[in-house]
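Chemist: Quick one: the structure is below, questions incoming.
The values are calculated or read from the model by the stated rules, or taken from the named source; none is laboratory data. Please read these numbers as outputs of a predicted model, since none were measured by experiment. All Cβ positions, glycine included, derive from the backbone under ideal geometry; neighbour counts span all protein chains shown.
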Amino acid sequence: MNKILEKYLPSHAVPSVFSLIEENRIHLKIVNERVTRHGDYRRTQDGGHQITVNSNLNKYRFLITTIHEIAHLVAFERFGYNIKPHGREWKFTFQQLMLPFIRPEIFPVQLLPLIAKHFKNPRASSDTDAHLSVALKKFDPENDKNYIFELPAGGSFRIYNGKIFRKGPKRRKLYECMEVSTGKIYLFQPNAQVELLMG
């Protein structure tokens, strides 16, 4: 298991993550990319625990996602299964589990302040923290995706399911974008990754 984890995690994080997996008797599955989520946790029918994490994540996002999912399991075990999945009990647990990893041997120095700020009040997805998401993307392999905020006003783009939109004005934090085929308006996070269409 350690050898597998070394492929996906920062090396200094491997022993601690391995301990958490062992202690909590987690079956960790590393799976192909799912566009709508980085990972998930579920209790299996036999009472075991399964966590899946996308294989295409960079090492820092993989670590945050793995601890995010372990925090679900630990929070449910500590506080009961009636708590909200991303409520205060989960946030508290996620903060506690993540704290030992927020150090320069594990994360690049430029990420540490953003991670520390994020974990003052962690959100259901690190993707909704635009500053952290953009900083983490710098460690991804090269791809042809752009962020919504980088696109020119009126620019057309395609999302993961093939639908095409035109970028509109910013409304407070989100961008209004029109689906070309229906004329319907949808709101997008500024750091949503999309494919810019030329012409």
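Chemist: Just for the stretch 176-199: of the residues that are part of a loop (DSSP other than H, G, I, E, B) and of a type outside the set (S, T, N, Q), which one is surrounded by the most Cβ atoms within 10 Å (Cβ to Cβ)? Talk me through it step by step, then tell me what you get.
Modeler: Our first condition is that a residue be part of a loop (DSSP other than H, G, I, E, B); within the stretch 176-199, this holds for 180-184, 189-192, 198-199.
If we keep only those that are of a type outside the set (S, T, N, Q) as well, we get 180, 183-184, 190, 192, 198-199.
Values: Val180: 15, Gly183: 7, Lys184: 10, Pro190: 15, Ala192: 21, Met198: 5, Gly199: 3.
The extreme case among them is Ala192.
Chemist: Restricting attention to the stretch 96-141, and to residues there that are among the small types (Gly, Ala, Ser) and out of contact with any Pro (no Cβ under 6 Å at 6 or more places or on another chain), which single residue is modelled with the lowest pLDDT? So that I can check it myself, show each step before the final result.
Modeler: Residues of the stretch 96-141 among the small types (Gly, Ala, Ser): 116, 124-126, 130, 133, 135.
If we keep only those that are out of contact with any Pro (no Cβ under 6 Å at 6 or more places or on another chain) too, we end up with 116, 124-126, 133, 135.
Details: Ala116: 93, Ala124: 82, Ser125: 81, Ser126: 77, Ser133: 86, Ala135: 90.
Checking each candidate, the answer is Ser126.
Chemist: What do you reckon, is Glu33 over 22 Å from Leu112 (Cα atoms), surrounded by fewer than 20 Cβ atoms within 10 Å (Cβ to Cβ) and either of a type outside the set (Phe, Trp, Tyr) or not assigned by TED's automatic domain parsing to the domain that holds Thr128 (or both)?
Modeler: Working: over 22 Å from Leu112 (Cα atoms): yes; surrounded by fewer than 20 Cβ atoms within 10 Å (Cβ to Cβ): yes; either of a type outside the set (Phe, Trp, Tyr) or not assigned by TED's automatic domain parsing to the domain that holds Thr128 (or both): yes.
Taking the combined requirement at face value, the residue satisfies it.
Chemist: Further, regarding this structure: Based on this model, can you work out whether Pro104 counts as in a loop (DSSP other than H, G, I, E, B) and in contact (Cβ under 8 Å) with a residue 12 or more places away in the chain? Break it down stepwise before answering.
Modeler: Details: in a loop (DSSP other than H, G, I, E, B): yes; in contact (Cβ under 8 Å) with a residue 12 or more places away in the chain: no.
Against the criterion (in a loop (DSSP other than H, G, I, E, B) and in contact (Cβ under 8 Å) with a residue 12 or more places away in the chain), Pro104 does not qualify.
Chemist: A further question on this structure: Leu136 is checked against (1) surrounded by fewer than 16 Cβ atoms within 10 Å (Cβ to Cβ); (2) assigned to a helix (DSSP H, G or I); (3) touching a Phe, Trp or Tyr at 6+ places or on another chain (Cβ under 7 Å) and fails just one. What number does that condition carry?
Modeler: (1)
Chemist: Among the residues of the stretch 6-30, which ones are within 20 Å of the chain's Cα centre (by Cα) and either among the basic types (Lys, Arg) or not assigned by TED's automatic domain parsing to the domain that holds Pro104 (or both)?
Modeler: Lys7, Lys29 - these are the residues of the stretch 6-30 that are within 20 Å of the chain's Cα centre (by Cα) and either among the basic types (Lys, Arg) or not assigned by TED's automatic domain parsing to the domain that holds Pro104 (or both).
Residues are listed down the side, and each one gets a yes or a no for (1) touching a Cys at 6+ places or on another chain (Cβ under 7 Å); (2) without any contact (Cβ under 8 Å) to a residue 24 or more places away in the chain; (3) polar (S, T, N, Q):
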site: Ser11; (1), (2), (3): no, yes, yes
site: Lys29; (1), (2), (3): no, no, no
site: Arg34; (1), (2), (3): no, yes, no
site: Gly39; (1), (2), (3): no, no, no
site: Thr44; (1), (2), (3): no, yes, yes
site: Gln50; (1), (2), (3): no, no, yes
site: Asn56; (1), (2), (3): no, no, yes
site: Phe62; (1), (2), (3): no, no, no
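Chemist: Go through (1) over 18 Å from Leu132 (Cβ atoms); (2) assigned to a helix (DSSP H, G or I); (3) of a type in the set (Phe, Trp, Tyr) for Phe94 and report which single condition fails.
Modeler: Answer for Phe94: the failing condition is (1).
Chemist: Moving to a separate point now. Pick from the stretch 159-175 the residues that are at pLDDT 90 or above, within 23 Å of the chain's Cα centre (by Cα) and more than 20 Å from Ser133 (Cα to Cα): which of them is surrounded by the most Cβ atoms within 10 Å (Cβ to Cβ)?
Modeler: My answer is Lys163.
Chemist: Another one. Just a yes or no: is a residue in the stretch 51-73 more than 18 Å from the chain's Cα centre (by Cα), in the same structural domain as Ile30 (by TED's automatic domain parsing) and not hydroxyl-bearing (Ser, Thr, Tyr)? Lay out the reasoning, then the answer.
Modeler: Pass one, the stretch 51-73, residues more than 18 Å from the chain's Cα centre (by Cα): none.
No: the stretch 51-73 contains no residue that is more than 18 Å from the chain's Cα centre (by Cα), in the same structural domain as Ile30 (by TED's automatic domain parsing) and not hydroxyl-bearing (Ser, Thr, Tyr).
Chemist: Within the stretch 35-61, how many residues turn out to be modelled with pLDDT under 95, closer than 17 Å to Glu6 by Cβ and of a type in the set (Ser, Thr, Tyr)?
Modeler: Residues meeting the conditions: 1.
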